[in-house]
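The block underneath contains the structure these notes are about, expressed in C-alpha coordinates.
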Amino acid sequence: MSAAPSVPVVIGATLVAQTIVSMASLTLPVIAPELAKVLHVDASTIGYQVSIVYAGAMASAAVGGGVVTRLGACRTTQVALALVGAAMLLATAPHLVALVGASLLLGFGYGASNPAGAHLLTRYTPASSRNLIFSIKQTGVPLGGMAAALVAPPVAHAFGWRAALLIVLVCAVAMLALLQPARSAWDDDRLAPARPDGRSPGPAGPGVLGGIALVWSHRDLRYLSLMALCFAGVQLCLMTFAVTFLVQEARYTLVEAGVLLSVVQFAGAAGRIGWGWIADRLQASRTTLLVLGALMLLAALFTTQIDEGWSAFATGVVFVAMGATAIGWNGVFLAEVARLAPEGQASTATGGALFFTFGGVLIGPSLFAAIYGRIGSYAGTFAVAAGFALLGMVFLWRMPAQPHAPATAAPRSR
(Lines give C-alpha, C1' and ligand atoms only; values in the text may rest on other atoms or scores of the structure.)
Protein backbone atom coordinates (compact mmCIF):
# COMPACT_ATOMS: atom_id res chain seq x y z
CA MET A 1 0.00 0.00 0.00
CA SER A 2 1.35 3.42 -0.91
CA ALA A 3 0.51 6.80 0.55
CA ALA A 4 -1.22 9.22 -1.76
CA PRO A 5 1.03 11.99 -3.10
CA SER A 6 0.18 15.54 -2.13
CA VAL A 7 -2.11 17.39 -4.52
CA PRO A 8 0.42 20.23 -5.12
CA VAL A 9 3.10 17.70 -6.10
CA VAL A 10 0.82 16.04 -8.65
CA ILE A 11 -0.33 19.37 -10.07
CA GLY A 12 3.25 20.62 -10.20
CA ALA A 13 4.56 17.54 -11.97
CA THR A 14 1.82 17.53 -14.60
CA LEU A 15 2.22 21.31 -15.06
CA VAL A 16 5.97 21.14 -15.66
CA ALA A 17 5.65 18.19 -18.05
CA GLN A 18 2.93 20.03 -19.99
CA THR A 19 5.08 23.16 -20.13
CA ILE A 20 8.04 21.30 -21.63
CA VAL A 21 5.93 19.49 -24.22
CA SER A 22 4.25 22.76 -25.19
CA MET A 23 7.57 24.59 -25.41
CA ALA A 24 8.83 21.89 -27.75
CA SER A 25 5.79 22.15 -30.04
CA LEU A 26 6.04 25.95 -30.29
CA THR A 27 9.79 26.42 -30.60
CA LEU A 28 9.85 25.65 -34.33
CA PRO A 29 7.00 28.07 -35.21
CA VAL A 30 8.66 30.82 -33.14
CA ILE A 31 11.95 30.50 -35.07
CA ALA A 32 10.14 29.92 -38.39
CA PRO A 33 11.65 33.00 -40.11
CA GLU A 34 15.19 31.76 -39.32
CA LEU A 35 14.44 28.12 -40.10
CA ALA A 36 12.81 29.06 -43.41
CA LYS A 37 16.07 30.62 -44.58
CA VAL A 38 18.00 27.43 -43.82
CA LEU A 39 15.47 25.18 -45.54
CA HIS A 40 14.86 27.63 -48.44
CA VAL A 41 11.09 27.68 -48.00
CA ASP A 42 8.52 30.40 -47.25
CA ALA A 43 7.92 30.98 -43.53
CA SER A 44 4.18 30.39 -44.00
CA THR A 45 4.89 26.68 -44.63
CA ILE A 46 5.37 26.29 -40.87
CA GLY A 47 1.59 25.83 -40.85
CA TYR A 48 2.04 22.48 -42.57
CA GLN A 49 4.74 21.49 -40.07
CA VAL A 50 2.38 22.22 -37.18
CA SER A 51 -0.29 20.11 -38.88
CA ILE A 52 2.13 17.18 -39.07
CA VAL A 53 2.81 17.55 -35.34
CA TYR A 54 -0.86 17.31 -34.54
CA ALA A 55 -1.48 14.47 -36.97
CA GLY A 56 0.94 12.53 -34.76
CA ALA A 57 -0.85 13.87 -31.68
CA MET A 58 -4.19 12.66 -33.02
CA ALA A 59 -2.79 9.17 -33.48
CA SER A 60 -1.30 8.95 -29.99
CA ALA A 61 -4.33 10.56 -28.31
CA ALA A 62 -6.57 7.95 -29.93
CA VAL A 63 -4.71 5.18 -28.09
CA GLY A 64 -3.72 7.29 -25.08
CA GLY A 65 -6.27 5.84 -22.67
CA GLY A 66 -5.10 2.29 -23.39
CA VAL A 67 -1.45 3.26 -23.00
CA VAL A 68 -2.14 4.87 -19.63
CA THR A 69 -4.03 1.77 -18.51
CA ARG A 70 -1.17 -0.53 -19.49
CA LEU A 71 1.91 1.53 -18.56
CA GLY A 72 0.54 3.88 -15.93
CA ALA A 73 0.14 7.64 -16.15
CA CYS A 74 3.61 8.48 -14.83
CA ARG A 75 5.41 6.13 -17.25
CA THR A 76 3.30 7.45 -20.13
CA THR A 77 4.40 10.97 -19.23
CA GLN A 78 8.03 9.82 -19.27
CA VAL A 79 7.55 8.23 -22.69
CA ALA A 80 6.02 11.49 -23.95
CA LEU A 81 9.05 13.45 -22.71
CA ALA A 82 11.44 10.94 -24.33
CA LEU A 83 9.66 11.34 -27.66
CA VAL A 84 9.88 15.12 -27.37
CA GLY A 85 13.61 14.94 -26.68
CA ALA A 86 14.17 12.64 -29.66
CA ALA A 87 12.17 15.02 -31.86
CA MET A 88 14.29 18.01 -30.88
CA LEU A 89 17.47 16.08 -31.62
CA LEU A 90 16.24 14.95 -35.03
CA ALA A 91 15.07 18.46 -35.92
CA THR A 92 18.64 19.76 -35.68
CA ALA A 93 19.31 18.12 -39.05
CA PRO A 94 18.72 20.88 -41.67
CA HIS A 95 16.57 18.83 -44.01
CA LEU A 96 12.82 18.77 -44.69
CA VAL A 97 12.63 14.97 -44.32
CA ALA A 98 14.21 15.18 -40.85
CA LEU A 99 11.79 17.96 -39.93
CA VAL A 100 8.82 15.81 -40.95
CA GLY A 101 10.09 12.89 -38.85
CA ALA A 102 10.78 15.16 -35.89
CA SER A 103 7.31 16.67 -36.18
CA LEU A 104 5.68 13.23 -36.03
CA LEU A 105 7.71 12.22 -32.97
CA LEU A 106 6.82 15.50 -31.31
CA GLY A 107 3.16 14.88 -32.05
CA PHE A 108 3.28 11.37 -30.58
CA GLY A 109 4.70 12.83 -27.37
CA TYR A 110 2.24 15.72 -27.26
CA GLY A 111 -0.78 13.49 -27.74
CA ALA A 112 0.25 11.06 -25.00
CA SER A 113 0.84 13.70 -22.32
CA ASN A 114 -2.74 14.90 -21.74
CA PRO A 115 -4.51 11.56 -21.08
CA ALA A 116 -1.76 10.79 -18.58
CA GLY A 117 -2.16 14.15 -16.86
CA ALA A 118 -5.94 13.81 -16.79
CA HIS A 119 -5.65 10.38 -15.16
CA LEU A 120 -3.38 11.67 -12.38
CA LEU A 121 -5.46 14.78 -11.70
CA THR A 122 -8.76 12.88 -11.68
CA ARG A 123 -7.29 10.27 -9.35
CA TYR A 124 -5.66 12.57 -6.81
CA THR A 125 -7.54 15.90 -6.80
CA PRO A 126 -10.94 16.97 -5.39
CA ALA A 127 -13.83 17.25 -7.84
CA SER A 128 -15.05 20.49 -6.24
CA SER A 129 -12.07 22.40 -7.67
CA ARG A 130 -11.46 20.39 -10.81
CA ASN A 131 -12.06 23.18 -13.35
CA LEU A 132 -9.47 25.32 -11.59
CA ILE A 133 -7.02 22.44 -11.10
CA PHE A 134 -7.21 21.31 -14.72
CA SER A 135 -6.86 24.94 -15.79
CA ILE A 136 -3.73 25.36 -13.67
CA LYS A 137 -2.24 22.25 -15.24
CA GLN A 138 -3.21 23.49 -18.70
CA THR A 139 -1.41 26.79 -18.10
CA GLY A 140 1.59 24.68 -19.08
CA VAL A 141 0.59 25.22 -22.72
CA PRO A 142 0.84 29.04 -22.67
CA LEU A 143 3.75 28.91 -20.22
CA GLY A 144 5.57 26.66 -22.68
CA GLY A 145 4.66 29.12 -25.40
CA MET A 146 6.02 31.99 -23.31
CA ALA A 147 9.24 30.07 -22.74
CA ALA A 148 9.56 29.36 -26.47
CA ALA A 149 8.80 32.98 -27.39
CA LEU A 150 11.24 34.46 -24.85
CA VAL A 151 14.06 31.93 -25.17
CA ALA A 152 14.10 30.66 -28.75
CA PRO A 153 14.47 33.93 -30.77
CA PRO A 154 17.40 35.41 -28.78
CA VAL A 155 19.13 32.02 -28.49
CA ALA A 156 18.69 31.38 -32.20
CA HIS A 157 20.03 34.87 -32.96
CA ALA A 158 23.06 34.51 -30.67
CA PHE A 159 24.00 30.83 -31.04
CA GLY A 160 22.07 29.54 -34.06
CA TRP A 161 18.70 27.86 -34.40
CA ARG A 162 19.96 24.43 -33.31
CA ALA A 163 20.79 25.78 -29.84
CA ALA A 164 17.13 26.68 -29.28
CA LEU A 165 16.13 23.07 -29.97
CA LEU A 166 18.84 21.60 -27.74
CA ILE A 167 17.64 23.65 -24.77
CA VAL A 168 14.24 21.94 -25.03
CA LEU A 169 15.95 18.55 -25.29
CA VAL A 170 17.80 19.12 -22.01
CA CYS A 171 14.58 20.18 -20.25
CA ALA A 172 12.72 17.07 -21.44
CA VAL A 173 15.44 14.67 -20.31
CA ALA A 174 15.73 16.38 -16.92
CA MET A 175 11.99 16.14 -16.21
CA LEU A 176 11.92 12.51 -17.34
CA ALA A 177 14.58 11.71 -14.74
CA LEU A 178 12.83 13.69 -11.99
CA LEU A 179 9.63 11.67 -12.45
CA GLN A 180 11.34 8.29 -12.01
CA PRO A 181 11.26 8.13 -8.17
CA ALA A 182 7.46 8.64 -8.21
CA ARG A 183 6.77 6.08 -10.90
CA SER A 184 6.15 3.04 -8.70
CA ALA A 185 3.64 4.74 -6.39
CA TRP A 186 1.83 6.81 -9.04
CA ASP A 187 1.44 3.84 -11.40
CA ASP A 188 0.25 1.28 -8.87
CA ASP A 189 -3.16 1.23 -10.57
CA ARG A 190 -1.83 0.23 -13.99
CA LEU A 191 -3.02 -2.98 -15.60
CA ALA A 192 -0.58 -5.75 -14.72
CA PRO A 193 1.29 -7.43 -17.60
CA ALA A 194 -0.06 -10.65 -19.06
CA ARG A 195 0.80 -13.94 -17.33
CA PRO A 196 3.25 -16.37 -18.96
CA ASP A 197 0.34 -18.34 -20.42
CA GLY A 198 -0.70 -15.20 -22.30
CA ARG A 199 -3.86 -14.55 -20.30
CA SER A 200 -4.55 -11.16 -18.77
CA PRO A 201 -4.63 -11.11 -14.94
CA GLY A 202 -7.38 -8.51 -14.89
CA PRO A 203 -9.97 -6.69 -16.99
CA ALA A 204 -8.81 -5.56 -20.39
CA GLY A 205 -8.13 -1.93 -21.06
CA PRO A 206 -9.97 0.07 -23.71
CA GLY A 207 -9.56 -0.93 -27.33
CA VAL A 208 -7.27 0.91 -29.71
CA LEU A 209 -10.02 3.38 -30.66
CA GLY A 210 -11.99 3.04 -27.43
CA GLY A 211 -11.70 6.72 -26.55
CA ILE A 212 -13.04 7.88 -29.90
CA ALA A 213 -15.97 5.43 -29.68
CA LEU A 214 -16.74 6.52 -26.12
CA VAL A 215 -16.81 10.21 -27.03
CA TRP A 216 -18.87 9.75 -30.18
CA SER A 217 -21.48 7.59 -28.42
CA HIS A 218 -22.00 10.18 -25.66
CA ARG A 219 -23.91 13.21 -26.97
CA ASP A 220 -22.47 15.78 -24.58
CA LEU A 221 -18.91 14.55 -25.04
CA ARG A 222 -19.39 14.53 -28.82
CA TYR A 223 -20.53 18.16 -29.04
CA LEU A 224 -17.95 19.26 -26.48
CA SER A 225 -15.20 17.60 -28.52
CA LEU A 226 -16.42 19.22 -31.76
CA MET A 227 -16.33 22.57 -29.98
CA ALA A 228 -12.75 21.83 -28.97
CA LEU A 229 -11.90 21.02 -32.60
CA CYS A 230 -13.03 24.52 -33.59
CA PHE A 231 -11.47 26.40 -30.67
CA ALA A 232 -8.19 24.53 -31.18
CA GLY A 233 -8.17 25.75 -34.78
CA VAL A 234 -8.31 29.33 -33.52
CA GLN A 235 -5.62 28.71 -30.91
CA LEU A 236 -3.12 27.20 -33.32
CA CYS A 237 -3.73 29.78 -36.03
CA LEU A 238 -2.84 32.40 -33.43
CA MET A 239 0.23 30.67 -32.01
CA THR A 240 1.56 29.46 -35.36
CA PHE A 241 1.26 32.64 -37.39
CA ALA A 242 1.41 35.47 -34.83
CA VAL A 243 5.17 36.02 -35.05
CA THR A 244 5.35 35.79 -38.84
CA PHE A 245 2.28 38.07 -39.16
CA LEU A 246 3.79 40.68 -36.85
CA VAL A 247 7.20 40.58 -38.57
CA GLN A 248 5.96 40.69 -42.16
CA GLU A 249 2.85 42.90 -41.96
CA ALA A 250 3.08 44.89 -38.72
CA ARG A 251 6.83 45.52 -39.18
CA TYR A 252 7.95 44.15 -35.82
CA THR A 253 11.43 42.72 -35.37
CA LEU A 254 11.67 39.01 -34.62
CA VAL A 255 12.55 39.68 -30.98
CA GLU A 256 9.75 42.27 -30.58
CA ALA A 257 7.24 39.83 -32.04
CA GLY A 258 8.53 37.13 -29.71
CA VAL A 259 8.03 39.41 -26.71
CA LEU A 260 4.45 40.20 -27.75
CA LEU A 261 3.77 36.50 -28.25
CA SER A 262 5.06 35.84 -24.74
CA VAL A 263 2.60 38.45 -23.44
CA VAL A 264 -0.17 36.70 -25.38
CA GLN A 265 0.84 33.40 -23.80
CA PHE A 266 0.81 35.00 -20.34
CA ALA A 267 -2.70 36.29 -21.04
CA GLY A 268 -3.63 32.74 -22.03
CA ALA A 269 -2.21 31.35 -18.79
CA ALA A 270 -4.06 33.95 -16.72
CA GLY A 271 -7.18 33.32 -18.77
CA ARG A 272 -7.07 29.57 -18.12
CA ILE A 273 -6.93 30.12 -14.38
CA GLY A 274 -9.58 32.84 -14.51
CA TRP A 275 -12.01 30.88 -16.67
CA GLY A 276 -11.48 27.79 -14.51
CA TRP A 277 -12.24 29.77 -11.36
CA ILE A 278 -15.37 31.24 -12.96
CA ALA A 279 -16.60 27.83 -14.09
CA ASP A 280 -16.13 26.38 -10.59
CA ARG A 281 -17.71 29.42 -8.98
CA LEU A 282 -20.78 29.32 -11.24
CA GLN A 283 -20.84 25.52 -11.62
CA ALA A 284 -21.64 26.26 -15.28
CA SER A 285 -18.88 25.12 -17.63
CA ARG A 286 -21.00 25.34 -20.80
CA THR A 287 -22.08 28.92 -20.11
CA THR A 288 -18.51 29.88 -19.32
CA LEU A 289 -17.30 28.41 -22.60
CA LEU A 290 -20.07 30.20 -24.54
CA VAL A 291 -19.06 33.59 -23.13
CA LEU A 292 -15.42 32.81 -23.79
CA GLY A 293 -16.25 31.84 -27.40
CA ALA A 294 -18.11 35.09 -28.04
CA LEU A 295 -15.13 37.14 -26.84
CA MET A 296 -12.80 34.99 -28.95
CA LEU A 297 -14.90 35.71 -32.03
CA LEU A 298 -14.76 39.46 -31.45
CA ALA A 299 -11.00 39.41 -30.90
CA ALA A 300 -10.45 37.41 -34.10
CA LEU A 301 -12.52 39.92 -36.09
CA PHE A 302 -10.44 42.80 -34.73
CA THR A 303 -7.24 40.93 -35.65
CA THR A 304 -8.28 40.97 -39.32
CA GLN A 305 -7.95 44.77 -39.26
CA ILE A 306 -4.40 45.04 -37.87
CA ASP A 307 -1.71 46.57 -40.11
CA GLU A 308 1.51 48.53 -39.70
CA GLY A 309 -0.47 51.71 -39.02
CA TRP A 310 -1.83 50.36 -35.75
CA SER A 311 -0.18 51.52 -32.54
CA ALA A 312 1.73 49.00 -30.46
CA PHE A 313 -0.83 49.49 -27.67
CA ALA A 314 -3.86 48.75 -29.86
CA THR A 315 -2.18 45.73 -31.43
CA GLY A 316 -1.22 44.49 -27.98
CA VAL A 317 -4.76 44.83 -26.61
CA VAL A 318 -6.24 42.78 -29.46
CA PHE A 319 -3.59 40.07 -29.20
CA VAL A 320 -3.97 39.88 -25.41
CA ALA A 321 -7.74 39.44 -25.84
CA MET A 322 -7.05 36.66 -28.36
CA GLY A 323 -4.64 35.04 -25.92
CA ALA A 324 -7.01 35.17 -22.94
CA THR A 325 -9.75 33.43 -24.95
CA ALA A 326 -8.20 31.37 -27.76
CA ILE A 327 -5.61 29.98 -25.33
CA GLY A 328 -7.79 30.15 -22.21
CA TRP A 329 -10.50 27.55 -22.85
CA ASN A 330 -8.63 24.24 -22.49
CA GLY A 331 -8.72 23.70 -18.74
CA VAL A 332 -12.49 24.12 -18.48
CA PHE A 333 -12.89 21.81 -21.48
CA LEU A 334 -10.72 19.01 -20.07
CA ALA A 335 -12.32 19.26 -16.63
CA GLU A 336 -15.75 18.96 -18.24
CA VAL A 337 -14.59 15.91 -20.23
CA ALA A 338 -13.45 14.30 -16.98
CA ARG A 339 -16.76 15.17 -15.29
CA LEU A 340 -18.85 13.72 -18.12
CA ALA A 341 -16.72 10.57 -18.54
CA PRO A 342 -17.99 7.29 -17.08
CA GLU A 343 -16.36 6.45 -13.75
CA GLY A 344 -12.80 5.22 -14.15
CA GLN A 345 -12.58 6.27 -17.82
CA ALA A 346 -11.27 9.83 -17.55
CA SER A 347 -8.04 9.08 -19.44
CA THR A 348 -9.92 7.17 -22.15
CA ALA A 349 -12.47 9.97 -22.61
CA THR A 350 -9.68 12.56 -22.57
CA GLY A 351 -7.77 10.72 -25.28
CA GLY A 352 -10.89 10.45 -27.41
CA ALA A 353 -11.80 14.11 -26.94
CA LEU A 354 -8.25 15.18 -27.75
CA PHE A 355 -8.38 13.20 -30.99
CA PHE A 356 -10.99 15.71 -32.17
CA THR A 357 -9.13 18.63 -30.57
CA PHE A 358 -5.96 17.77 -32.45
CA GLY A 359 -8.04 17.40 -35.59
CA GLY A 360 -8.80 21.12 -35.28
CA VAL A 361 -5.15 21.84 -34.74
CA LEU A 362 -4.29 19.84 -37.85
CA ILE A 363 -6.95 21.53 -39.99
CA GLY A 364 -6.57 25.09 -38.71
CA PRO A 365 -2.95 25.96 -39.64
CA SER A 366 -3.14 24.09 -42.96
CA LEU A 367 -6.35 25.89 -43.95
CA PHE A 368 -4.84 29.18 -42.81
CA ALA A 369 -1.69 28.59 -44.89
CA ALA A 370 -3.73 27.59 -47.93
CA ILE A 371 -5.97 30.68 -47.78
CA TYR A 372 -2.99 32.95 -47.14
CA GLY A 373 -1.43 31.52 -50.27
CA ARG A 374 -4.46 32.78 -52.23
CA ILE A 375 -5.06 36.21 -50.67
CA GLY A 376 -1.53 37.09 -49.52
CA SER A 377 -2.59 38.75 -46.24
CA TYR A 378 -2.04 37.31 -42.77
CA ALA A 379 -4.46 39.83 -41.26
CA GLY A 380 -7.22 38.98 -43.70
CA THR A 381 -6.66 35.27 -43.24
CA PHE A 382 -7.51 35.58 -39.54
CA ALA A 383 -11.13 35.50 -40.74
CA VAL A 384 -10.54 31.73 -40.68
CA ALA A 385 -10.08 31.96 -36.91
CA ALA A 386 -13.31 33.95 -36.57
CA GLY A 387 -15.17 31.26 -38.51
CA PHE A 388 -13.81 28.52 -36.27
CA ALA A 389 -14.86 30.45 -33.14
CA LEU A 390 -18.40 30.89 -34.42
CA LEU A 391 -18.78 27.22 -35.36
CA GLY A 392 -17.49 26.17 -31.93
CA MET A 393 -20.20 28.25 -30.29
CA VAL A 394 -22.82 26.51 -32.45
CA PHE A 395 -21.68 23.10 -31.18
CA LEU A 396 -21.75 24.36 -27.58
CA TRP A 397 -25.25 25.70 -28.06
CA ARG A 398 -26.43 22.24 -29.12
CA MET A 399 -25.26 20.78 -25.79
CA PRO A 400 -28.10 20.68 -23.26
CA ALA A 401 -27.31 22.69 -20.15
CA GLN A 402 -26.81 20.21 -17.31
CA PRO A 403 -26.35 20.93 -13.61
CA HIS A 404 -23.10 19.75 -12.14
CA ALA A 405 -23.24 16.76 -9.88
CA PRO A 406 -22.45 17.46 -6.24
CA ALA A 407 -18.73 17.72 -5.82
CA THR A 408 -16.97 14.92 -4.00
CA ALA A 409 -13.37 14.31 -3.16
CA ALA A 410 -11.34 12.29 -5.59
CA PRO A 411 -10.42 8.73 -4.61
CA ARG A 412 -6.96 8.30 -3.25
CA SER A 413 -4.36 5.72 -4.11
CA ARG A 414 -4.70 2.49 -2.24
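The values are calculated or read from the model by the stated rules, or taken from the named source; none is laboratory data. Note that the structure is a prediction, hence the values are computed from the model and not measured. A quick note on method: Cβ atoms are made from the backbone with ideal geometry, for glycine too, and the neighbour counts reach across all protein chains shown.
If I filter the range 113-153 down to residues being part of a helix (DSSP H, G or I) and among the hydroxyl-bearing types (Ser, Thr, Tyr), which single residue comes out as farthest from Ala269 (Cα to Cα)?
Step one: of the range 113-153, the residues part of a helix (DSSP H, G or I) are 113-124, 127-138, 140-153.
After this cut, where a residue has to be among the hydroxyl-bearing types (Ser, Thr, Tyr) as well, the list is 113, 122, 124, 128-129, 135.
Values: Ser113: 18, Thr122: 21, Tyr124: 23, Ser128: 21, Ser129: 17, Ser135: 8 Å.
My answer is Tyr124.
Take Leu176 and tell me if it is among the hydrophobic types (A, V, I, L, M, F, W, C), in contact with a Phe, Trp or Tyr (Cβ under 7 Å, 6 or more places away or on another chain), within 25 Å of Cys74 (Cβ to Cβ) and modelled with pLDDT of 85 or more. Please lay out each step first, then the result.
Numbers: among the hydrophobic types (A, V, I, L, M, F, W, C): yes; in contact with a Phe, Trp or Tyr (Cβ under 7 Å, 6 or more places away or on another chain): no; within 25 Å of Cys74 (Cβ to Cβ): yes; modelled with pLDDT of 85 or more: yes.
Here the answer is no, as Leu176 does not meet what is asked.
Listed by first and then second residue, the pairs linking a residue in the range 89-105 that is more than 12 Å from Leu169 (Cβ to Cβ) to a residue that is surrounded by fewer than 16 Cβ atoms within 10 Å (Cβ to Cβ) and of a type in the set (Ser, Thr, Tyr), with Cβ atoms under 9 Å apart and 6 or more places separating them unless they lie on different chains, form an empty list. For the range 363-402, residues that are closer than 19 Å to Ala299 by Cβ, aliphatic (A, V, I, L, M) and in contact with a Phe, Trp or Tyr (Cβ under 6 Å, 6 or more places away or on another chain) total 1. Is it true that Gln345 is modelled with pLDDT under 85 and within 18 Å of Thr288 (Cβ to Cβ)? It is false that Gln345 is modelled with pLDDT under 85 and within 18 Å of Thr288 (Cβ to Cβ).
Taken as a whole, the condition of being touching a helix residue (DSSP H, G or I) at 6+ places or on another chain (Cβ under 9 Å), among the charged types (D, E, K, R) and surrounded by 24 or more Cβ atoms within 10 Å (Cβ to Cβ) applies to Arg272.
Among the candidates Leu354, Leu292, which residue alone is crowded, with 24+ Cβ neighbours inside 10 Å and at pLDDT below 95?
Numbers: Leu292 fails: at pLDDT below 95.
Only one candidate passes the filter, namely Leu354.
Where helices (runs of 4 or more DSSP H) fall wholly inside the range 9-112, the ranges with 1 or more residues that are more than 22 Å from Gly344 (Cα to Cα) are 32-39, 46-62, 73-91. Please determine, by comparing only the residues of the range 119-142 that are among the aliphatic types (A, V, I, L, M) and modelled with pLDDT of 85 or more, which one is nearest to Ile278 (Cα to Cα). That would be Leu132. Say whether the condition of being in contact with a Ser or Thr (Cβ under 6 Å, 6 or more places away or on another chain) and either surrounded by fewer than 18 Cβ atoms within 10 Å (Cβ to Cβ) or in contact (Cβ under 8 Å) with a residue 60 or more places away in the chain (or both) is met by at least one residue in the range 5-16. So far as the range 5-16 goes, yes, one or more of its residues are in contact with a Ser or Thr (Cβ under 6 Å, 6 or more places away or on another chain) and either surrounded by fewer than 18 Cβ atoms within 10 Å (Cβ to Cβ) or in contact (Cβ under 8 Å) with a residue 60 or more places away in the chain (or both).
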